[in-house]
Amino acid sequence: MSWTCHGSSNSGMVAALKRAGLVRSPAVEAAMLAVDRGLFVPQGQMSAGRDAPQPLGCGATISAPHMHAVCLELLAGQLRPGARVLDVGSGSGYLALVFAAMVAPPSGSSSGSGSSTSGSTSGGRVVGVEHIGELVGGSVAAAGRVGGWARRLMEDDCLRLLQGDGFAGYPDWAPFDAIHVGAAAPAVPPALVSQLAAGGRLVVPVGPEGGPQALVVVDKDAEGHVSSRREMGVMYVPLTTEHAQRSRAGSGAVWRGPLPPALAEEGEAEEAQEQQGQGQEGRSSRREPELSGSGGGR
Ligand code: SAH
């Protein structure tokens with residue numbers, strides 16, 4: 001079970017994430033408000049504002065809103081208008097669209113707008129690479145529903161949602177200022193590090209399926225030196241082969257660490273206690289989000 005940061009609407013969800021201290025940057029907040037997560041959650045699923053992963057089919061899930069917020073904030077320094085972004089394992093396409101709202105906002109906007117019909121003049125580009133063809137099709141359709149701004153980005157070839165193997169990255173548009181990986185790799189994929197721009201950042205969960213995983217932040221400095229650090233314990237579905245993924249059940253991604261105070265105040269204290277007990281094994285006292293496959297993906 002995830003700790004929860006629910007909202008009955010997209011704006012309610014973003015407000016809850018903000019109260020919890022997970023959304024801090026005005027640019028991240030504006031972009032999350034500009035892209036309605038509900039458009040990317042299959043009909044018939046539980047509320048899009050619910051802070052839990054939700055199945056997309058084909059063994060994939062749209063990650064829980066709190067993990068999207070964590071990754072957006074980790075990359076916020078790179079997600080400036082004009083930046084190039086790679087989203088590996090783009091799944092629903094939601095996060096790629098939020099990235100686009102930050103790096104390729106509509107003309108005359110600094111934050112993006114789902115309702116604008118104007119294109120972007122920033123030069124920013126986002127590519128999502130997803131290996132399941134059905135999910136790519138769904139993500140393109142959902143992106144089209146975000147609004148004229150997003151459709152123009154695709155028409156202008158500033159936003160690509162493509163089928164491909166995420167381990168290989170996307171050399172055609174490299175180097176990237178920001179790279180996000182939405183599934184756990186066995187190790188930091190070398191191709192992704194090589195495709196980072198100077199000053200770029202890669203956020204990637206690393207570790208075995210169902211085992212201890214860490215959200216790893218890889219930075220490349222202006223001289224091209226690479227450093228990395230472990231941000232937090234997580235549990236994601238694996239970055240894998242299409243065949244292996246289709247052979248396994250879907251799972252989800254949730255944070256199982258202690259609740260931020262704002263959430264505990266909202267009547268989640270009992271769940272927080274339960275999850276503190278589950279989430280701290282062998283980990284530091286730092287607030288420790290942990291993505292947990294609900295169902296474990298097996
Ligand atoms: N971040 C997305 C999806 C998260 S689930 C969202 O929130 O909607 C992880 C995704 O990674 C799944 O869609 C899965 O199909 C994809 N994936 C797993 N291995 C992959 C690989 N080798 N190449 C590309 N995509 C991959």
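Which condition from (1) open to solvent by 10 Å² or more (accessible area, probe 1.4 Å); (2) more than 13 Å from the chain's Cα centre (by Cα) is the one that Ala20 breaks?
Of (1) open to solvent by 10 Å² or more (accessible area, probe 1.4 Å); (2) more than 13 Å from the chain's Cα centre (by Cα), only one is false for Ala20: (1).
Taking the criterion of being open to solvent by 30 Å² or more (accessible area, probe 1.4 Å), out of contact with any Cys (no Cβ under 8 Å at 6 or more places or on another chain), within 21 Å of Val70 (Cα to Cα) and away from the ligand (no atom under 11 Å from the Cβ), would at least one residue in the stretch 175-185 satisfy it?
yes
For Gly93, which of the numbered conditions (1) within 10 Å of the chain's Cα centre (by Cα); (2) on the phi < 0 side of the Ramachandran plot fails to hold?
Only one criterion is unmet by Gly93, namely (2).
Filter the stretch 186-203 down to residues that are in contact with a helix residue (DSSP H, G or I) (Cβ under 7 Å, 6 or more places away or on another chain) and under 20 Å from Met67 (Cβ atoms) and give me whichever is surrounded by the most Cβ atoms within 10 Å (Cβ to Cβ).
Within the stretch 186-203, the match that is surrounded by the most Cβ atoms within 10 Å (Cβ to Cβ) is Leu202.
So that you can scan it fast, the table gives a plain yes or no per residue for (1) more than 10 Å from the ligand (Cβ to nearest atom); (2) among the charged types (D, E, K, R); (3) at pLDDT 95 or above:
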site	(1), (2), (3)
Ser118	yes, no, no
Arg125	yes, yes, yes
Gly148	yes, no, no
Arg160	yes, yes, yes
Val188	yes, no, yes
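Counting only residues that are among the basic types (Lys, Arg) and at pLDDT 95 or above, which one in the stretch 50-109 is surrounded by the fewest Cβ atoms within 10 Å (Cβ to Cβ)? Let's see the steps before the verdict.
Of the stretch 50-109, the ones among the basic types (Lys, Arg) are 50, 80, 84.
Those still in the list that are at pLDDT 95 or above too: 80, 84.
Working: Arg80: 14, Arg84: 25.
In this case the residue turns out to be Arg80.
The values are calculated or read from the model by the stated rules, or taken from the named source; none is laboratory data. Keep in mind it's a predicted model, so treat the numbers as computed, not measured. Heads up, the Cβs are rebuilt from the backbone with ideal geometry, glycines too, and the neighbour counts pull from every protein chain shown. Heads up: the accessible areas ignore ligands, DNA and RNA and are worked out on the full protein's heavy atoms, side chains in. Shrake-Rupley method; radii C 1.70, N 1.55, O 1.52, S 1.80 Å.
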